Amino acid sequence: MKKKTNNLTDFSKVKIIEETRNISEWNIVDGFKCEKCGTEIIDYSRREVDEYTGEVYEWEYTPKYCPECGRKVVDE
Ligand SMILES: [Zn+2]
């Protein structure tokens, strides 16, 4: 029996990383709106507690992935 030859690329073996962009009016450190799923998040910060003084610091935070759809955020 002759085996059927498949010349097409097997896309199931290609790892596709889906990407999205920030389409909000904000800089990404202040707000994010997902280009793909529309989820909008503003005013977030990264909290860190100083282990010696107990003081809480808040830093700018850049999300690397959309928290809703999980696509990688591409900052342009
Ligand atoms: Zn999203």
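For segment 9-20, the set of residues classified as closer than 21 Å to Val73 by Cβ, more than 10 Å from the ligand (Cβ to nearest atom) and either not in a loop (DSSP other than H, G, I, E, B) or not aliphatic (A, V, I, L, M) (or both) consists of Lys15, Glu19, listed by residue number. If you filter segment 27-49 down to residues that are under 12 Å from the mean Cα position of the chain (by Cα) and in a loop (DSSP other than H, G, I, E, B), you find that the one that is farthest from Glu68 (Cα to Cα) is Ile28. Scanning segment 26-45 for residues that are surrounded by fewer than 13 Cβ atoms within 10 Å (Cβ to Cβ) and farther than 18 Å from Val74 by Cβ turns up Ile42, Asp43, Ser45.
For segment 51-62, the set of residues classified as of a type outside the set (D, E, K, R) and either within 16 Å of the ligand (Cβ to nearest atom) or more than 13 Å from the chain's Cα centre (by Cα) (or both) consists of Tyr52, Thr53, Gly54, Val56, Tyr57, Trp59, Thr62, listed by residue number.
For Thr62, state whether it is surrounded by fewer than 13 Cβ atoms within 10 Å (Cβ to Cβ), free of Cβ contacts under 8 Å to residues at least 40 places away in the same chain and in a loop (DSSP other than H, G, I, E, B). Considered against the rule, which asks whether it is surrounded by fewer than 13 Cβ atoms within 10 Å (Cβ to Cβ), free of Cβ contacts under 8 Å to residues at least 40 places away in the same chain and in a loop (DSSP other than H, G, I, E, B), Thr62 comes out as no.
Does Cys69 count as hydrophobic (A, V, I, L, M, F, W, C), in a loop (DSSP other than H, G, I, E, B), surrounded by 11 or more Cβ atoms within 10 Å (Cβ to Cβ) and more than 9 Å from the chain's Cα centre (by Cα)? So Cys69 does not fit the description; no. Only one of the numbered conditions (1) within 16 Å of the ligand (Cβ to nearest atom); (2) surrounded by 11 or more Cβ atoms within 10 Å (Cβ to Cβ) is violated by Glu48, and that is (1).
We did not get these values from a lab; they are worked out from the coordinates using the rules stated. This structure is a prediction, so every number in the text was calculated from the model and none was measured. No Cβ is skipped: glycine too gets one built from the backbone with ideal geometry, and neighbour counts run over all protein chains shown.
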